[in-house]
1. Taking a 1.4 Å probe, which of 224, 103 shows the most accessible area, and what order do the others take after it?
2. Explain nothing, just the number: relative contact order of the chain, from Cα pairs under 8 Å at least 6 residues apart, as a whole percent.
3. Rounded to the nearest Å, what's the spacing between the alpha carbon centres of segment 1-62 and segment 308-336? Just the number, please.
4. Would you work out the charge dipole size for the chain about its Cα centre, treating the Cβ of every Lys and Arg as +1 and the Cβ of every Asp and Glu as -1, and quote it to the nearest 20 debye?
5. Taking a point 7 angstrom from the Cα of residue 410 along the C-beta vector, which residues in segment 428-467 have backbone N less than 13 Å away?
6. Say the dipole of the chain comes from +1 at the beta carbon of Lys and Arg and -1 at that of Asp and Glu; which of 93, 61, 466 then lies farthest toward its positive end?
7. Going by the alpha-carbon gyration tensor, a ≥ b ≥ c the square roots of its eigenvalues, is segment 295-399 rounded (a/c under 1.5) or, if a/c is not under 1.5, prolate (a/b greater than b/c) versus oblate?
8. At 1.4 Å probe radius, can you tell me the per residue accessible area of segment 50-162 in Å²?
Amino acid sequence: MSTNSSNSLLNSDIWHGRLFTGAWQDGKIIADVLEPATGNCLARIGMADAEHVAASAKAAFDAQKAWAALPYDERAAVLRRAARLAEDAFDEIAGWIVRESGSTRGKAAFETQATVKALHEASALPSRSAGEVLPAAPGRLSLARRRPLGVVGVISPFNFPLYLAMRAVAPALALGNAVVLKPDPRTSVCGGFSIARLFEAAGLPEGVLHVLPGDGGAGAALTSDPHIAMIQFTGSTGAGRKVGEAAGRHLKKVSLELGGKNSLIVLDDADLDLAVANTAWGAYLHQGQICMATGRVLVQRKIYDHFVEKLVAKAASLPVGDPATADVALGPLINASQRDHVARVLAAATDAGARIETGGGFRDLFFEPTVLSGVTARNPVFNEEIFGPVAVVVPFDTDDDAIALANDTEYGLSMAVITSDVGRALRMGEHLRTGLLHINDQTVNDEVINPFGGVGASGNGTSIGGPANWEEFTQWQWLTVKGEAPLYPI
């Protein structure tokens with residue numbers, strides 16, 4: 001898919017085989033970027049090692065001070081220009097998301113639009129209040145002000161590669177930090193180099209942003225480098241535990257947005273057609289490869305059989321194929337390893353008594369939308385995050401039963417309730433342990449301006465986005481001023 005039109009944002013002549021360190025630098029190791037739908041090589045990228053990370057972290061540390069010292073409106077102007085450039089290159093960027101991550105066109109368009117919105121929102125941060133005046137004795141001024149952290153290391157995933165990187169990169173830059181971004185190598189063009197090109201073209205000073213695709217070794221180097229003040233990580237809980245542990249050893253601030261086993265609760269007064277539509281969206285969007293995906297569908301027993309029947313019909317009707325060449329509801333999984341994981345989880349589930357009502361098969365990386373019934377809390381599929389297009393449908397009797405089942409997990413990212421009685425859902429919501437709660441919607445929701453984060457194994461209690469960005473990407477400094485120094489009595 002390499003493009004080399006001179007007026008293309010992602011002209012491959014600029015980045016082919018390279019890394020971005022404020023300028024484009026040849027990588028010592030070259031890796032292929034493969035298209036999941038076809039297996040074809042889309043591009044070749046440079047891969048960073050620990051030496052690259054160390055050099056970039058130091059360069060970013062040196063560049064950050066001058067960037068933070070710029071007038072607030074100059075920093076804001078860079079973000080606004082990047083947003084306009086993203087709008088102009090919308091179709092090109094979305095096309096890379098489709099080809100590189102296996103996204104459907106609708107999902108890629110949503111992700112690109114969310115990224116544009118994130119840039120616009122970040123551009124407003126520099127002009128907002130950066131602190132407050134505290135009470136003080138006469139003759140003394142006491143201030144609490146927010147200051148940039150320094151250099152923020154961002155480690156981003158493959159599933160929403162552009163937005164999940166930009167939602168951290170844009171506010172971190174806007175608030176005066178420098179950034180070293182390590183995108184997933186599988187989606188480094190749409191999730192990394194597109195960001196580099198947007199800010200390069202927008203006039204971001206050289207050295208303030210670095211984009212270094214790399215493996216786990218590069219990520220480990222980020223967590224240990226003395227020039228990195230904070231790590232913002234989005235990815236699996238297993239990897240997040242390692243990142244958090246490593247960052248903690250070096251006393252770095254760390255923001256972890258991790259996995260989920262998210263429950264959608266369908267109460268017996270729900271409109272079944274609406275409930276099925278919400279379930280299909282939450283379970284099958286981007287082939288289920290979303291941390292907020294509906295991992296459990298808890299359905300009141302009175303309507304359970306009818307619900308399963310309707311969901312099976314819906315799942316069986318959804319077209320699966322190459323989103324770059326056909327209008328499909330589901331594209332490919334990211335790679336063979338993920339496909340085989342989904343197949344193993346299904347095999348273990350059926351061994352433990354679950355029934356595959358529809359789906360369960362695959363061709364290459366294309367996995368059929370699947371409905372599992374007969375699942376109990378003792379079945380391994382009840383607890384394991386699948387990251388594939390599988391709706392796990394579990395019956396319950398009372399509202400208290402639903403709450404207990406939903407909370408029976410180490411995760412706590414997103415939950416949802418479908419009902420005609422909002423008050424009933426609100427009462428249940430008081431007892432649901434989750435960072436995100438949606439009444440009369442499904443579990444996959446993000447609107448840029450909301451604080452986003454989970455509890456338990458879904459994160460470390462931090463949030464990113466909207467009002468949370470000031471807390472994430474700055475730190476408090478207490479400042480006092482007196483007209484003259486006091487004479488202390490010792």
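The values are calculated or read from the model by the stated rules, or taken from the named source; none is laboratory data. Computed from a prediction, not measured in an experiment: that's the story for all the values here. For neighbour counting, all protein chains shown are included, and Cβ atoms are generated from backbone atoms with ideal geometry for every residue, glycine included. Accessible surface is based on the protein model in full, side chains and every heavy atom, while ligands, DNA and RNA are left aside. Shrake-Rupley method; radii C 1.70, N 1.55, O 1.52, S 1.80 Å.
1. Details: 224 50, 103 0 Å².
If we order 224, 103 from most to least accessible, we get 224, 103.
2. Details: 1144 pairs, mean separation 81.3, N = 490.
Relative CO of the chain lands at 17 percent.
3. A separation of 31 Å, based on Cα centres.
4. Values: 42 positive and 53 negative charges, 270 e Å.
It comes to approximately 1300 debye.
5. Those under the cut-off are 456-459.
6. In the chain, that residue is 61.
7. Working: a/c = 2.50, a/b = 1.46, b/c = 1.71.
Oblate is the answer for segment 295-399, as a/c is 1.5 or above yet b/c matches or exceeds a/b.
8. Numbers: 4780 Å² over 113 residues.
Spelled out: the 1.4 Å probe surface of segment 50-162, per residue, equals 42 Å².
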